[in-house]
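Asks: One structure, as structure tokens, below. Some questions next.
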Amino acid sequence: MANGKISRKQVLKTFGALGAGAILAPILSKAEGLHFADRKMRVGLIGCGSVSNMYLPHLTKSPYVEVVSLCDIIPERAKAQAEKYKVANHYPHIDQMLAGAPFDLLVNTTDMQEHGRLNRIALTAGKHVWSEKPMANTYKEGRALLDFAIQKLRLWGPRRGQQPRVCLHGQGHQRGQAPAKIAAHAHYGHTGPGWSAFF
């Protein structure tokens, strides 16, 4: 921090650590029921692009986690991240990952359009899932994932929209008292140009 200002890199590093903590806290708080109380949780991460750099530094240093495998449809990315973070296994496809080194929790940092599909595959294979936002691309798909997971697995994702004004509006809307007009402003922290057509 220079002159009382914090750099973008420091912000990303701090929020990366908080993100890893957010992943682990709800999982470890129920660790006994999830059979992780007596060993490290084995994690497989899919999606080795830029977002994985917010997770891997913290997950690989956690005393509660063993990152056992990485996966990316661009095999060179999975290999490079596996070498960088000293992860023993890397795969080019989720099916190979699921058939490979055993793991308990899939951390999904893939392209947003793929979240719902990959989360469903992992849940069907009996894996707990932490998904970057969004968990799915439609409410119906997300609800189906949650209903499926609630039977015996856990499905987590970052919570967005928890600001007081958003919560107040949502509560008012549920009571039928939402204001007729509302303004919103959003800002995304990346200027492109490498984003997919999803944006």
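Only the coordinates and a few stated rules stand behind these numbers; no lab work does. These numbers were taken from a predicted model, which means no experiment stands behind them.
Asks: Distance check, please: which entries in Lys40/Lys86; Lys84/Lys133; Lys84/Lys127 exceed 22 angstrom between their Cα atoms?
Replies: On the way: Lys40/Lys86 17 Å; Lys84/Lys133 25 Å; Lys84/Lys127 25 Å.
Lys84/Lys133; Lys84/Lys127, as the Cα separations exceed 22 Å there.
Asks: Can you tell me how much longer the chain between Asn53 and Ile73 gets when fully stretched, taken as 0.36 nm per residue apart minus their C-alpha distance, in nm with one decimal? Walk me through the numbers before you get to the answer.
Replies: Working: separation 20, 0.36 × 20 = 7.20 nm, distance 1.66 nm.
Working it through step by step, the gained length comes to 5.5 nm.
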